[in-house]
Structure formats: structure tokens, C-alpha cells
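Report on the structure given below.
The values are calculated or read from the model by the stated rules, or taken from the named source; none is laboratory data. For clarity, every value in this text was computed on a predicted model and none was experimentally measured. Cβ placement follows ideal geometry from the backbone for every residue including glycine, while neighbour counts extend to all protein chains displayed.
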Amino acid sequence: MAILPRLKEMLEANGVSYTHHVHPTAYTAREVAQLEHLPQHRFAKAVVFWGDEGYAMAVLPADYVVDLQELRAALGIKRARLATEKELAELFPDCELGAMPPLGSLYKMPTYVESSLAEEEWIAFNAGTHQDVVYLRFEDFKRLSKPLIVHFARLAAA
């Protein structure tokens, strides 16, 4: 089953108001934000890492990058490395590579959200493909994903 129908089913079952857009193919979070005409800070990207407790999802704005040292310190873990493309393909078989939605709960994966993203009223994110985007309120995202909100990223170079 592709993730988009499962994602929509989860949103509807939980009474979440959302919108779904389709845009031309874009591979980076920054490109998607540009195509969707929204501030990069409102587009949430999912970065998967492997740490002391296994795989987890770090969710951050498109204009930020994960600082692994900061992530280790924030989570109190000794090891953290980004998942490889091979691992991502195995973990998210129902998504195009790099287009997984930032809801670790869909994959029984702990989710950590960059604190600056938590300040947004609403966010948008990939919905399993490089063309599908879902918009929803951050509070609904938080209710569904039950993330730990911590600081682990920094603004990317322009």
C-alpha cells in the first residue's frame, strides 16, 4: 500500500483538517517549498538517523540542517549517524526515496522535532512522493506524531 492513502486515512480517522497538493517533481525540501510558494521554514523535512536506540526520525524546516553533535547532546545519546539510502529504501518501502512523511508514528519510529519548527502555526511536508504535499496545523501534527521537541539543527548556508 502506498503511504498517501494510509496517511490520508490516518488524518481523517483522527479528525485532522488537511489539504493535499500535487506539484511538478522536486527532490529537495527547498525546491518543494519554492514550487509550493511557501517559506522554507514551514516545509518540514524528515531526516532518519540511527542512534543508540535504533532508527529515529528528526523533523526540521527545509532551511535547516541537522547538527549531529547537537542531536546527540539533546537526546543524551553517544552515537548518531544518518541512515543510508539503502536503509531508507528498506525502512520506507511505500515511499519514493527521500519523500517520506515526517510522521515517525506511521513507521513505529520515535520522532524528534526541531524546536524552531514547533513555532509554526501550520506546516507542509512530502507525502510519500516527490510530487505530493500535505498541509496541516502544527498542533495536529504534534498530536499525531507525539514528538519530543528539542533543538538539534542550525540554519543552512544560503
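Consider the range 100-158 and keep the residues that are closer than 14 Å to P61 by Cα and acidic (D, E). The one that is nearest to the chain's Cα centre (by Cα) is E114. So, in the range 137-158, of the ones that are basic (K, R) and in a strand (DSSP E or B), which residue ends up modelled with the lowest pLDDT? Here the answer is R154. Quick check on the range 31-44. Is at least one of its residues among the aliphatic types (A, V, I, L, M), surrounded by fewer than 16 Cβ atoms within 10 Å (Cβ to Cβ) and within 14 Å of the chain's Cα centre (by Cα)? No; the residues of the range 31-44 include none that is among the aliphatic types (A, V, I, L, M), surrounded by fewer than 16 Cβ atoms within 10 Å (Cβ to Cβ) and within 14 Å of the chain's Cα centre (by Cα). Just one of the listed residues (G98, G76, G128) is on the phi > 0 side of the Ramachandran plot and without any contact (Cβ under 8 Å) to a residue 24 or more places away in the chain, namely G76.
Can you tell me how many residues within the range 83-136 are of a type in the set (A, V, I, L, M, F, W, C), surrounded by fewer than 18 Cβ atoms within 10 Å (Cβ to Cβ) and outside any strand (DSSP E or B)? Going through the range 83-136 one residue at a time, the tally reaches 4.
The strands (runs of 3 or more DSSP E) located wholly in the range 1-75 that include 1 or more residues which are touching a strand residue (DSSP E or B) at 6+ places or on another chain (Cβ under 8 Å), closer than 17 Å to N126 by Cβ and small (G, A, S) occupy 43-51, 54-61.
Looking at E120, is it more than 19 Å from I3 (Cα to Cα), touching a residue at least 24 places away in the same chain (Cβ under 8 Å), among the acidic types (D, E) and in contact with a strand residue (DSSP E or B) (Cβ under 6 Å, 6 or more places away or on another chain)? Break it down into steps so the answer makes sense when it comes.
On the way: more than 19 Å from I3 (Cα to Cα): yes; touching a residue at least 24 places away in the same chain (Cβ under 8 Å): yes; among the acidic types (D, E): yes; in contact with a strand residue (DSSP E or B) (Cβ under 6 Å, 6 or more places away or on another chain): no.
Criteria not met by E120.
Give me the residue from the range 7-20 that is in contact with a helix residue (DSSP H, G or I) (Cβ under 9 Å, 6 or more places away or on another chain) and exposed (fewer than 15 other Cβ atoms within 10 Å of the Cβ) and, out of that set, farthest from M100 (Cα to Cα). If we take residues in the range 7-20 being in contact with a helix residue (DSSP H, G or I) (Cβ under 9 Å, 6 or more places away or on another chain) and exposed (fewer than 15 other Cβ atoms within 10 Å of the Cβ), then G15 is farthest from M100 (Cα to Cα).
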